[in-house]
Structure formats: C-alpha cells, structure tokens
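As structure tokens, the structure follows; a few thoughts come after it.
What follows draws every value from the coordinates through simple rules; no lab data is involved. None of the values given here were measured: they were computed from a predicted structure. Note that each Cβ is placed from the backbone with ideal geometry, even for glycine, and that neighbours are counted across all protein chains shown.
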Protein chains: 2
Amino acid sequence: MFGEHRHKEETGIERLPKRQRQQRLVELIDENPFVTDRELTRRLKVSIQTIRLDRMELGIPELRERMKLMAERSYDQVRSLAAEEVIGDIIDLQLDRSGISIFEIREEHVFSRTQIARGHHIFAQANSLAVAVINDEIALTASADLRFVRPIHLGEKCIAKAYVRSSPGKAGRAKVEVLSYVGEEMVFQGNFIIYRSDDKKPADYGLAPPERQEQAANEEDTRT
Amino acid sequence: MFGEHRHKEETGIERLPKRQRQQRLVELIDENPFVTDRELTRRLKVSIQTIRLDRMELGIPELRERMKLMAERSYDQVRSLAAEEVIGDIIDLQLDRSGISIFEIREEHVFSRTQIARGHHIFAQANSLAVAVINDEIALTASADLRFVRPIHLGEKCIAKAYVRSSPGKAGRAKVEVLSYVGEEMVFQGNFIIYRSDDKKPADYGLAPPERQEQAANEEDTRT
DNA sequence: CGACTTTTAGAACCTGGTACTAACCGCTAG
DNA sequence: CTAGCGGTTAGTACCAGGTTCTAAAAGTCG
C-alpha cells in the first residue's frame with residue numbers, strides 16, 4: 001500500500017495521477033487558451049481520449065468554444081464600454097447624502113514594475129462615486145483636491161466612501177468628500193466640488209470667465 | 001438597353017449587382033462578425049458559393065478565423081494592458097522639465113447623456129503625463145489639486161502640457177503643473193505632487209504615520 | 001452567335017472536435 | 001481465482017463550417 005507509488009518514478013516527468021494531471025491541464029489551458037487537445041496529449045503524455053474525458057469532468061469547453069467565448073466577451077466589451085458608467089461597484093448609495101463603492105486592484109491598474117496602483121484609477125473610483133452620489137440630471141467635476149495617502153497594491157480591495165458635505169439641492173455646486181480605505185486603513189482622500197445642473201444651465205459650469213462660456217457654447221454647437 | 005436594369009426590380013430586396021452585394025456583405029459581417037456563410041446566403045439571396053467567392057475577393061476570413069483573431073486580439077490586449085502605461089499619446093518629453101501629450105475624447109470617455117468627458121479621463125491623461133515626466137525609477141502621485149475649467153466634449157482633442165516646477169533630482173517630491181487645452185482654450189489645470197524614488201525607499205512615500213508604513217511593508221511582503 | 005463574367009452545384013477534403021461503444025490494464029475484495 | 005471497478009485507450013460515426021477544385025449553367029455584351 002505505502003512506499004510504492006504508482007508506475008515508475010525515475011524517469012521524471014512521467015504520467016501523473018489523475019488529480020494532478022487535471023490540475024496541470026487547467027494550468028496549461030489558461031496559460032494558453034489556444035492549445036488543442038492534440039497538443040495537450042504531447043504535454044501530458046496521455047491519450048487524446050483522456051484529455052477529452054478530463055475536459056468533460058472539468059467542464060472545460062473545446063478550443064473553438066473557448067475562442068468563441070473570448071471573442072464574444074471582447075466584442076460586447078467594446079459594445080458596452082460606454083456602459084461602464086462607473087469605475088468600481090457601487091454597493092450603497094443614498095442620493096445627496098453618501099455612497100460606498102468597492103474596487104479591486106487588478107493587473108491592468110498597476111504599474112507593472114512596482115505593482116502599485118496608478119493614481120488615476122484610484123481617482124476614477126472616487127470621482128465616479130462623487131458624481132454618482134449627486135442626485136441631479138447632470139453632475140460634473142468642477143475641481144478636486146486629492147491626497148494619495150499610501151500606495152495601493154495589486155489585489156487590494158479599495159473601498160471608497162463618499163459624503164456630501166454641502167446642503168443638497170441648493171447651489172450649483174456640491175461638496176463631496178471621498179475617503180478610500182483598504183481594510184481599516186485610509187489610503188486616499190479627496191475633496192470634490194461637483195457641478196450640478198439643478199435648474200441652472202450647464203453654461204454656468206466651470207471657473208472660466210464669461211467670454212469663455214460663450215466660446216464653449218459655440219463649440220458645443222459646432223460639435224453636435 | 002436603358003430603363004430596364006438587370007433582373008426584376010418590383011419585388012424590392014432582390015439580388016444586387018456584385019459590387020453592391022460585396023459592400024453589403026462587408027457591412028453585414030462587421031455588424032455581426034459571428035455570422036456564418038449559410039446565414040449570409042439568406043440575407044443576400046445568393047448561393048453559398050457566391051458568398052465564399054466574395055469573401056475570397058474581399059479577403060475576409062472564415063467565421064472561425066474571425067473569432068480566433070478577435071480572441072487573440074483580446075487576449076494579448078489583456079496581456080499587454082499593462083503596456084498601456086500612459087493615457088494619451090506623449091508627443092514630447094523632456095525629463096524633469098516638461099512634457100506634452102494628446103488625448104482624443106472618444107465615445108468611451110464621455111457621459112452618454114451629455115457627451116461630456118468624465119473627469120477621471122482628463123485626470124488620467126494629466127496624471128500619466130505628470131508621472132512620465134519625472135525621471136525616476138518610481139514615481140507616484142502623492143497629492144493633486146485639480147480644476148476642471150470647462151466641460152470637454154466628444155471628439156475634442158485634449159492637449160496636456162506638464163511643467164516640472166521643483167528643482168529636479170532634489171527632494172523626494174516633485175511639483176508638476178499640468179495644463180490641458182482644447183485648441184487655445186485651457187480646459188483643465190492640475191497641480192501634482194509626485195513622489196519620486198530618488199535614492200530613498202518607497203517606504204518613505206505617503207503621508208501615513210510610521211506604524212502605517214510597517215503595515216504597508218508587511219502587506220507588500222505577503223503579496224509578493 | 002460566340003466570348004466572357006458571374007453564379008451555382010457538387011464532391012472531396014480538412015480541423016477540431018462530440019458521442020458512443022468496446023476493450024484493456026492494474027488492483028482489490030470476496 | 002475471479003469478478004468488479006476506476007482509469008485509460010482505441011476506434012468509429014458524425015458534426016459544423018469551412019477550403020479547394022472541377023464543371024456546368026446563366027446572364028451580358030459586342
């Protein structure tokens with residue numbers, strides 16, 4: 001029972017027990033999703049039927065299906081890029097009062113050298129939330145004041161909490177404070193001034209002097 | 001000769017002349033890249049051979065090849081998403097002095113309702129440039145002060161100009177001012193404080209108190 | 001009419017599989 | 001010893017969605 005494993009061990013990369021082989025299979029496939037069963041037989045030194053049985057058991061679709069899924073995913077990603085209205089998942093929202101969003105730092109958000117999140121992603125989460133929390137037709141960031149308290153690393157979950165500081169529905173501007181945490185630790189702080197439409201026109205937005213506003217309005221016309 | 005076109009016209013969507021059919025084919029395929037030849041025969045009312053000859057002539061690969069290409073594209077997009085080190089195209093860069101980048105506002109950058117660019121994209125361009133202009137191993141945004149002077153609209157080209165304000169290579173922090181323009185008009189202004197590695201350690205970064213730093217350092221260890 | 005382009009048809013073949021049947025190997029329990 | 005079982009392998013039929021090639025029919029023009 002003990003002592004002797006199965007098969008010979010000396011030759012090194014010989015056939016693995018089922019469990020390990022299947023794990024290796026998963027690794028190989030998501031390392032290179034474009035691998036065919038035939039190639040896998042060479043890698044794992046088992047028959048093509050075994051490969052296929054393994055895929056069945058593991059619920060891994062065939063190559064073509066995998067490619068189709070990837071293609072579809074990337075296709076409606078492009079289609080719905082505009083649908084990504086918000087960076088981070090908003091998990092709580094009390095309009096004109098407060099909001100919470102959660103954002104996981106993934107590969108694409110970090111500097112590859114240091115694995116530290118780029119500032120603009122952290123800002124994007126906070127900014128999205130600050131805009132979302134404002135209960136208005138149009139809400140635009142007018143200005144902001146940011147402190148990146150400590151670097152945020154790959155894999156960390158960043159939880160942003162926004163609080164509307166100014167009396168709601170009043171002026172054309174709202175103050176929103178956003179604090180972002182990883183666990184207990186505050187990692188980012190931002191004070192936003194958000195322009196809100198209210199009843200006023202968007203032309204009231206911004207800090208530009210009057211003649212600029214007209215220019216802007218003109219440009220808007222020529223562009224639409 | 002004249003008057004009579006080819007075939008009967010009365011029935012409406014009848015077979016088109018070759019040229020137009022091929023154009024329609026292109027439209028149909030890039031409207032829905034997942035369409036099979038068989039489906040196309042139904043759409044265009046020609047035989048499957050004609051469809052295939054058309055694809056040949058137009059250099060359009062078969063369905064499976066199309067899906068594969070899409071999958072591959074999306075795959076190495078994911079792989080090289082880290083390569084998108086910078087938002088906007090940097091067209092001029094004098095390290096530790098100044099830099100210019102250009103960024104065109106596209107569909108995916110605007111609020112669909114208003115066609116106005118989301119603040120964080122404008123920030124991302126400025127932030128990327130501010131970081132890029134710093135001639136250091138590691139450069140991280142420590143804090144920033146932003147003014148969104150006027151809304152930026154779909155299709156506008158935003159040109160960001162960064163100027164390093166602090167004496168270069170000196171302290172652990174650099175001041176960078178970024179001004180963004182559409183044409184002559186200033187649309188955004190940001191003052192960044194960028195943490196730079198210099199000879200110091202990244203642990204020196206941030207405004208967190210000492211015990212926080214250890215925590216951060218620990219986390220870094222557990223994560224690598 | 002004959003020459004030419006365009007369209008259609010059909011058969012053979014390809015890849016990368018699925019689905020199913022059958023056999024074999026090594027081990028163990030009765 | 002033998003039957004049973006998990007795991008593996010082999011082989012065949014079949015499929016989608018094509019390619020490649022040959023050949024013929026249909027429409028077009030001078």
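Taking a quarter of the surface of the Cα convex hull of the stretch A:13-146, what do you get in nm²?
Values: hull surface 49.9 nm².
About 12.5 nm², averaged over all directions.
Each residue of the stretch B:28-43 in order: what ³J(HN,Hα) in whole Hz does its phi give by Karplus 6.51 cos²θ - 1.76 cosθ + 1.60, θ = phi - 60°, with x for Gly and Pro?
Here the 3J(HN,Hα) series is 4, 6, 8, 6, 9, x, 8, 7, 8, 4, 4, 5, 5, 4, 5, 5 Hz.
Of B:T50, B:L25, B:P61, whose Cα points farthest to the positive end of the dipole of the stretch B:18-79 (charges on the beta-carbon: +1 Lys, Arg; -1 Asp, Glu; origin at the Cα centre)?
The one lying farthest along the dipole's positive direction is B:T50.
Within a Cβ distance under 9 Å of B:F188, other residues only, what is the Lys/Arg minus Asp/Glu net charge? Before the final figure, lay out each step's value.
Working: positive: B:R147, B:R150; negative: none.
Net charge around B:F188: +2.
Beyond a 31 Å Cα-Cα separation, which of these cross-linked pairs lie in this structure: A:K161/B:K175; B:K68/B:K157; A:K175/B:K175? Walk me through the numbers on the way to the answer.
On the way: A:K161/B:K175 28 Å; B:K68/B:K157 34 Å; A:K175/B:K175 26 Å.
Table pairs above 31 Å Cα-Cα are B:K68/B:K157.
Under a crude label model (7 Å from the Cα following the beta-carbon direction), how far is A:L53 from A:D145 in nanometres?
Here the modelled spin labels are 6.9 nm apart.
Considering the alpha-carbon set of the stretch B:18-79 alone, what are its Rg and its Dmax in angstrom?
Radius of gyration, then largest Cα-Cα span, for the stretch B:18-79: 12.6, 42 Å.
Skipping prolines and chain starts, which residues have an amide H placed within reach, meaning under 5 Å, of the one on A:I152, given they are 5 or more residues away or on another chain?
A:A117
Just checking the output field for B:103-110: average partner chain Cβ neighbours within 10 Å of each residue's Cβ?
Working: counts 0, 0, 0, 2, 3, 6, 2, 1.
The mean count of partner-chain Cβ atoms within 10 Å per residue comes to 2.
Output the peptides A:44-52, B:121-129, A:64-72, B:189-197 sorted from most to least packed, where packing is the average of other Cβ atoms within 10 Å over each peptide's residues. Write out the running numbers ahead of the final one.
Details: A:44-52: 15.2, B:121-129: 27.2, A:64-72: 17.6, B:189-197: 21.8.
Highest-to-lowest ranking by the protection proxy: B:121-129, B:189-197, A:64-72, A:44-52.
Roughly how crowded by other chains is peptide A:119-131, in terms of the mean Cβ count from those chains within 10 Å of each of its Cβ atoms?
On the way: counts 13, 14, 3, 3, 8, 7, 1, 1, 8, 3, 0, 2, 4.
Taking the mean over all residues of the peptide, I get 5.
Just grab the label-to-label distance for B:D76 and A:E62, each label 7 Å out from Cα along the Cβ direction, in nm (one decimal).
Label-label distance for B:D76 and A:E62, simple model: 2.7 nm.
Just flag the GluC sites (Glu not before Pro) in the stretch B:94-146 sitting in loop per DSSP whose Cβ has no more than 14 other Cβ atoms within 10 Å.
B:E137
Across peptide B:177-185, what mean number of C-beta atoms from other chains lies inside 10 Å of a residue's C-beta? The partial results should precede the final answer.
Values: counts 0, 0, 0, 0, 0, 2, 2, 1, 5.
Other-chain Cβ atoms within 10 Å of each residue's Cβ, averaged: 1.
How much net charge surrounds B:D37 when only the other residues with a Cβ under 13 Å from the Cβ of B:D37 are counted, with Lys and Arg +1 and Asp and Glu -1? All intermediate terms of the calculation are to be shown ahead of the outcome.
Values: positive: B:R38, B:R42, B:R43, B:R52, B:R55, B:R64, B:R66; negative: B:E39, B:D54, B:E62, B:E65.
The answer is +3.
Please go through the stretch A:127-182 and write out the trypsin sites (Lys or Arg not before Pro) that DSSP classes as loop and that have at most 13 other C-beta atoms within 10 Å. Don't jump to the answer; show the numbers that get you there.
On the way: sites: A:R147, A:K157, A:K161, A:R165, A:K170, A:R173, A:K175; in loops: A:R165, A:K170.
Hits after loop and neighbour filter: A:R165, A:K170.
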